[in-house]
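The values are calculated or read from the model by the stated rules, or taken from the named source; none is laboratory data. Note that the structure is a prediction, hence the values are computed from the model and not measured. No Cβ is skipped: glycine too gets one built from the backbone with ideal geometry, and neighbour counts run over all protein chains shown.
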């Protein structure tokens, strides 16, 4: 009888405990546990793996980009080009790393890649001219038709190269003007580099009259060239009759000089030969025009007036 009473009291106590249970709290904890098991545990591993991929990939991208820049700098020896390649390759590789990390998280990156491609195409079409200048700038840096400090001639003019940019070239003209020329206009047209070779030939043409002594004129020119120390002995200067013009005999003179001495020698020789010709009595003739009259001009005028 006493045992029956104890069992009844125990059942009553258990029923009272069940009534005091917070079922809402218990249900929330169960949901949290299920969420943790179903989502947090699997995705935490994916997130951790994505972070590892990003960190390692970032280091690899930096290492590869620096390696490419060093290889280009050793080959081409151009810091601007190597720095440009380093930046472009780093961001391109970093973009691949980001896509790989997002793919590890289960995100569909196909649409992202398509979006990036479409955006790149739209940007390329809108910046077509700039991209052409950019591509031409890269080609100029690679093939090096000229360097900084060279004196060049392009379709837009001539001048000394002061800066080679990825979009345009900066020239300083002889009268100290700064000219900016788009790279595409330079790379697709003729380029004359006067500073690439160490020596240059100066082309003179001296006109003397038909009555002048050609041998004497050539002797004076040869002496003037020999007295100029900046003129190279090899190749030997050329002095020859180049043409028999309408009003003069043209003497072609072709001395060789160092590129840096070109204009100095040019001006000095022009002045010196003119002075020596004056001393020797050798005339430099003006253009002459002979007019032959087939009839008396007075009679022709009177005849025309009578006809009127």
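Restricting 268, 215, 246 to those that are outside any strand (DSSP E or B) and surrounded by 14 or more Cβ atoms within 10 Å (Cβ to Cβ) reduces the list to 268.
Of the residues making up region 75-94, just one is modelled with pLDDT under 75 and more than 15 Å from residue 138 (Cβ to Cβ), namely 77. May I ask you to list the residues in region 249-265 that are part of a strand (DSSP E or B) and under 33 Å from the mean Cα position of the chain (by Cα)? Residues satisfying the conditions are 256, 257, 258. Would you check if residue 60 is outside the structural domain of residue 188 (by TED's automatic domain parsing), modelled with pLDDT of 80 or more, out of contact with any strand residue (DSSP E or B) (no Cβ under 7 Å at 6 or more places or on another chain) and surrounded by fewer than 15 Cβ atoms within 10 Å (Cβ to Cβ)? Considered against the rule, which asks whether it is outside the structural domain of residue 188 (by TED's automatic domain parsing), modelled with pLDDT of 80 or more, out of contact with any strand residue (DSSP E or B) (no Cβ under 7 Å at 6 or more places or on another chain) and surrounded by fewer than 15 Cβ atoms within 10 Å (Cβ to Cβ), residue 60 comes out as yes.
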